Amino acid sequence: MRIIARLDVKNEWVIKGIRMEGLRKVGNPLELAEAYYKAGIHEIIFMDAVASLYDRNNLFHILEEACEKVFIPITIGGGLRSLEDVSSALAAGADKVAINTGAVKNLSLVGEIASRFGSQCIVGSVEAKRQVDGLWQAYVDNGREPTGLDVLDWIQMLEAAGVGEILLTSVDQEGTRQGFDLDLLTAANSVTSCPVILSGGYGNPGHLNALIRSGHLPGAVAVASVLHYGQASPAELIEHTANPAIADAAA
Amino acid sequence: MINIGVIDYGVGNLRSIANALKYVGATPVVSDSADTLMRCERIIFPGVGAFAFGKAALLAKGLHKVVFSAIADEKPLLAICAGMQLLFEHSSEFGNHEGLGVIPGQIDKFDVRAAGVQSARLPNVNWLPLTKSHHVDGLAGELLADVTDDSRFYFVHSYHAQSRGPHTVATSNFAGQTFAAAVGKGSLFATQFHPEKSGPDGLIMLEKFVG
């Protein structure tokens, strides 16, 4: 299981909220990306948190600088709406692009990206919010705008359209440090054969352990708060996933 | 400083490779001109994406000549990911396609159902260790010299080369299957993983390549 550092960026700052609201500044995106890389993280995700406000991605300059020093896969997301946007993102140094609104508005964009650049470079970004009926609805704009799409249906549509991975963010768990939404992961894993990157809820090693013990592994876990607030290092998280007994002792 | 020619046939993120080469002290020459590339002392044959698309793009610009001439001249050549796969004879990715035929063997999709492994999903996006073959010589021997049991490399692929081939120099495991993680033949070294995306372990390999 890979461990990915997720950096949500707003106006040149890495920010962090709870359930994607109440955002606080936590640091400089370049400095944090480099620090997490040096500490052994597997991948970096840069997510433009204000892309929908400007309807474009504002992080290309950060990406260009980051990939001079960070030699692991970098994914960029937020505000990518066309094949040209994706082409620019890859030229700026991204290995993968995460698409949410762009796919909701025009699902054929996913197929265009996949056939031009390969499925391995397109990540379907899904913001899932639990509904009163126990199922999940897909949201855009940092969990603010409902799409009317059922998350499990939407994941299948994204896979059929050609995404190589699914970044699945639990809006309910995001920033709470209360643990992952294991029901969401299990349901998602059962409807797709793509690797799922589970995002939202990591609070302590016991949460990783619960994930491993559940038997429904994600392809990767994306973490933010735990790194930003120095509760664990990337190397410790990686060691925990390799050896659940350590996670038990640390929990 | 040694000029490293990076074959630009319109696939993938070449900025990362160029940056990694600069980081280890080389001067990358990213070009789609066969003449320019053939003047470089060492060649990198990168690539991501579909086999047939890559093959067509390579041939359209006559860049396969760069690969063949590097091999003929025993010039150090590093092929990465789809670049490695294109060196084989055939691939079954979206139909049956001929490769460059430099390495004997066939590229096939992982059979994840046969594995019966619940967590095996395609693409194989993972950091994996390598198992080195015995008696590896040539460029492969040099570049694999510092790889230990603790080294990890970044893979992203759904298709793979069989591990039993005569030129396999390192293997890895995915979904219960052993596959060729790297092949080598004289001055040619080819990796299924991405050394330019594999952190310090990958940079060590690139540093050795640029000499």
query: Rounded to the nearest 0.05, what FRET efficiency is calculated for B:Gln106 and A:Asn28 with R0 set to 30 Å and r the Cβ-Cβ distance?
result: 0.05
Fully extended contour minus Cα-Cα distance, from A:Ala242 to A:Arg19, at 0.36 nm per residue: 77.4 nm
- prompt: Going down the table (B:Lys55/B:Lys132; B:Lys75/B:Lys109; B:Lys65/B:Lys132; B:Lys22/B:Lys208; A:Lys69/B:Lys197; A:Lys38/A:Lys69), which pairs top 21 Å between alpha carbons?
  reply: B:Lys55/B:Lys132; B:Lys75/B:Lys109; B:Lys65/B:Lys132
- request: Please work out the FRET efficiency for the pair A:Asp55 and B:Thr178, using the Cβ-Cβ distance as r and a Förster radius of 41 Å; give the result to the nearest 0.05.
  value: 0.30
- prompt: Residues with amide H under 5 Å of B:Ala181's amide H, sequence separation 5 or more or different chain, H placed in the peptide plane at 1.01 Å from N; which?
  reply: B:Ala170, B:Thr171, B:Ser172
- line: In segment A:183-203, accessible area falls by at least 40 Å² from chain alone to full assembly (1.4 Å probe) for A:Pro195
- request: Once you have the Cα-Cα distance between B:Arg164 and B:Ser92, take 0.36 nm times their residue separation minus that, and quote the gain in nm to one decimal.
  value: 24.2 nm
query: Once amide H atoms are placed 1.01 Å from N in the peptide plane, what residues at a sequence separation of 5 or more from B:Asp32, or on another chain, have their amide H within under 5 Å of its amide H?
result: B:Asp8
message: Please give me the summed charge of the neighbours of A:Val191: other residues whose Cβ is under 14 Å from its Cβ, Lys and Arg +1, Asp and Glu -1.
response: -3
query: Per residue in segment B:21-58, which ones lose no less than 10 Å² of accessible surface when going from chain alone to all protein chains (1.4 Å probe)?
result: B:Tyr23, B:Val48, B:Gly49, B:Phe53
task: Over chain B, calculate the relative contact order: mean separation of alpha carbon pairs under 8 Å at least 6 apart, over the residue count, as a percent.
output: 21 percent
Selection of chymotrypsin sites (Phe, Trp or Tyr not before Pro), segment B:76-166, meeting DSSP coil and at most 15 other Cβ within 10 Å: B:Phe94
task: Mind checking segment B:93-193 for trypsin sites (Lys or Arg not before Pro) that DSSP puts in a loop (not H, G, I, E or B) and that have at most 14 other Cβ atoms within 10 Å?
output: B:Arg164
task: Using the heavy atoms of the protein chains and a 1.4 angstrom probe, tell me the accessible area per residue for chain B in square angstrom.
output: 40 Å²
message: Residue by residue through segment B:163-171, what is 3J(HN,Hα) from phi via Karplus (6.51 cos²θ - 1.76 cosθ + 1.60, θ = phi - 60°)? Round to whole Hz and write x for glycine and proline.
response: 6, 7, x, x, 9, 5, 10, 7, 10
message: What value in Å³ per residue do you get for the convex hull of the alpha-carbon atoms in segment A:2-250?
response: 110 Å³
query: Where Lys and Arg each count +1 and Asp and Glu each count -1, what net charge lies around B:Ile7 among other residues with Cβ under 12 Å from its Cβ?
result: +1
message: Run the simple label-point estimate for B:Ala52 and A:Ile212 please: 7 Å along Cα→C-beta, distance reported in nm.
response: 4.3 nm
message: Report the gain in length on full extension from A:Ser87 to A:Glu112: 0.36 nm times residue separation, minus Cα-Cα distance, nm rounded to one decimal.
response: 7.9 nm
Å³ per residue enclosed by the Cα convex hull of segment B:81-211: 103 Å³
- prompt: At 222 nm, what helix-only mean residue ellipticity would the protein assembly as shown give, in deg cm²/dmol to the nearest 500, using -39500 (n - 2.57) for each DSSP H run of four or more?
  reply: -9000 deg cm²/dmol
query: Can you work out the FRET efficiency for the pair B:Thr36 and A:Gln131, with r the C-beta to C-beta distance and R0 = 60 Å, to the nearest 0.05?
result: 0.55
query: What does the charge add up to near A:Ser225, with Lys and Arg as +1, Asp and Glu as -1, over the other residues with Cβ less than 13 Å from its Cβ?
result: +3
statement: Applied in sequence order to segment B:21-32, the curve 6.51 cos²θ - 1.76 cosθ + 1.60 (Karplus, θ = phi - 60°) yields integer Hz couplings, x standing for Gly and Pro, of 5, 4, 4, 8, x, 9, 10, x, 10, 8, 8, 10
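Total accessible area buried between chains A and B, 1.4 Å probe, in Å² to the nearest 100?
Buried: approximately 2200 Å² between B and A.
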query: For segment A:10-70, what is the per residue volume of the convex hull drawn over the alpha-carbon atoms, in cubic angstrom?
result: 91 Å³
Highest-first arrangement of A:72-80, B:99-107, where packing means the average Cβ count within 10 Å: A:72-80, B:99-107
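The values are calculated or read from the model by the stated rules, or taken from the named source; none is laboratory data. Everything numeric in this text was worked out from a predicted model, so none of it was measured. Ideal geometry is used to build each Cβ from the backbone, glycine not excepted, and the neighbour counts take in all protein chains shown. What goes into the accessible areas is simple: the full protein's heavy atoms, side chains included, and nothing from ligands, DNA or RNA. Shrake-Rupley method; radii C 1.70, N 1.55, O 1.52, S 1.80 Å.
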